[in-house]
Amino acid sequence: MANSPEIKSPTHERSDRHRRRGDGSLFKRGDLWVVTVSGGLKLNGQRQRSTVYCKTFPAAQKRLAELQRDKHNGLPLPSGHETLGAFLWRWFATRDGGVASKREGLDESVGYFLKPKTLYSYRQLVGVHIEDRRKVQDGKGNPIAPIVRHEIANVRLHRLTPEAVQKFLADKLREGLSPRTVQYLHAILKRAIKDAERWGLVARNAAAVVPGPQVPKREVEPLTLAEAKALLAAAVADDADVKHGRGARNMEALCTLAVGAGLRIGECLGLRWQDVDLEACRFRVQRTLERVDKRGPRLSTPKTDRSRALTDMGTIVADALRKRRAQQAEERLAAGRTWKAGPWGDLIFTSENGAPLFARNVNRSIKRLQVAAKITRRMSFHTLRHTCASIALEEGVSMRAIADQLRHQDPSMTARVYAHVSERLASQTATAINAALTRA
């Protein structure tokens, strides 16, 4: 080794007497050889020390050389006894914005804090499939030990190998988990260990080099133009059936906004009157409304930066929103002092007392409208967003313009999602050209 003399004999009880400070040490303790190398300082000011035990002197020599090489190259040294399971839950804590993320004006999309809904789903998946630390105390205040769901949770973080990650993913597929869920677990591991690599806790991201499961491509099934019109007619009739003071009339405007402008359900529910210009027929999504766990609704940032783009809407959408504004004024007057003016602002879509709507309840209403419109296929509120794109394609709108309307971050994703619609339209185009050329 360049910075230390050669160790000549395994019979020496200590073999580091002539090493310079910081080169590490190698000595015998009982029947084992101990290798120690010091690294940088921890957050508490103490020096990080990596200790490795080997059964033979040659193995200890080799390990010492490896640690010295890693230190010289700036790679992290093995640190502590933290397991993957313990690290994941510590990582969740660093990515939880908590109270800070609720401050007005904090941009969660900058990538440091995870969105509450994303963090909740991460914790649920890790708690069910890797290690559960969602409850730290029982009802009497006694600590609860973590529940290990898979052996990978007990692997020390710095010893995690691609083979262990591959086995974990394969085990979950054998258990009957869907490829999409396993893909999601894989994504969590890659994202968390990427931070561990950045923090110097591991030398490489073992999850990043492992291929994820193949997820079968699922084609979207938008409504036809006739079905969309039937659903909108059912929404108008549904709002008309709501008795004054016994329910809010939201469904006509909600469905028209989704089909006519392509908004997601959270974007619709978080839309405020100051976000729309009914005269210019334009809108800008500033916030989305979501519900996490059993906590009440809260405003969050849009899915992507592109989601905030100023977007046009048709006159049919603007007319439906004007109608909704008049209906809401009546509901506010009927509610009187019971009208809830919460921190969410002047929302367009509210209950009869001004409270925000839950996405779950909106999807229940969609099921009711689906029955009324005699639509037999499986659908949800998000189907209306797909329907918006499908109708635009059938009307000859370019894929790039549709991507702008849907506010997709990557226009190529629009082409991938609606490729089957484009192929069907291309077939119709070829048929039309053939008919024109063969017409007498």
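Every read-out reported here was derived from the displayed coordinates using simple, explicitly stated rules and does not represent laboratory data. Being a predicted model, the structure only gives us computed values, none of them experimental. Counting neighbours? That spans all protein chains shown, and the Cβs are built from the backbone with ideal geometry, glycine included.
Backbone phi angles across the stretch 178-193, fed through the Karplus curve with coefficients 6.51, -1.76 and 1.60 (θ = phi - 60°), yield HN-Hα couplings of 5, x, 5, 5, 5, 4, 5, 4, 4, 5, 4, 4, 4, 5, 5, 6 Hz in residue order; Gly and Pro are listed as x. Subtracting the Cα-Cα distance of ALA240 and HIS382 from 0.36 nm times their residue separation leaves 48.8 nm of extension gain. Between LYS194 and LYS167, the FRET efficiency estimated from the beta carbon spacing at R0 = 30 angstrom works out to 0.90. Remark: TYR122, TYR184, TYR53 ranked as TYR53, TYR184, TYR122, counting other beta-carbon atoms within 10 Å and listing the fewest first. Computed from the Cβ-Cβ distance with R0 of 60 Å, the FRET efficiency linking ALA145 to LYS367 stands at 0.90. For the cross-link pairs LYS229/LYS374; LYS115/LYS303; LYS303/LYS340; LYS115/LYS367, the ones whose C-alpha atoms lie over 18 Å apart are LYS303/LYS340; LYS115/LYS367.
Exposure proxy ranking for THR414, THR387, THR56, THR36, based on other Cβ atoms within 10 angstrom of each Cβ and starting from the fewest, stands as THR56, THR36, THR414, THR387.
Here the stretch 225-425 is assigned +1 on the Cβ of each Lys and Arg and -1 on the Cβ of each Asp and Glu. Its dipole about the Cα centre then comes out at about 780 debye. Length available on full extension from THR338 to ALA280: 0.36 nm per residue minus the Cα-Cα distance, which gives 17.5 nm.
Of HIS158, HIS386, the sequence from fewest to most neighbouring Cβ atoms within 10 angstrom is HIS158, HIS386.
If the segment from THR118 to GLU82 were pulled out straight at 0.36 nm per residue, it would be longer than the present Cα-Cα gap by 10.5 nm.
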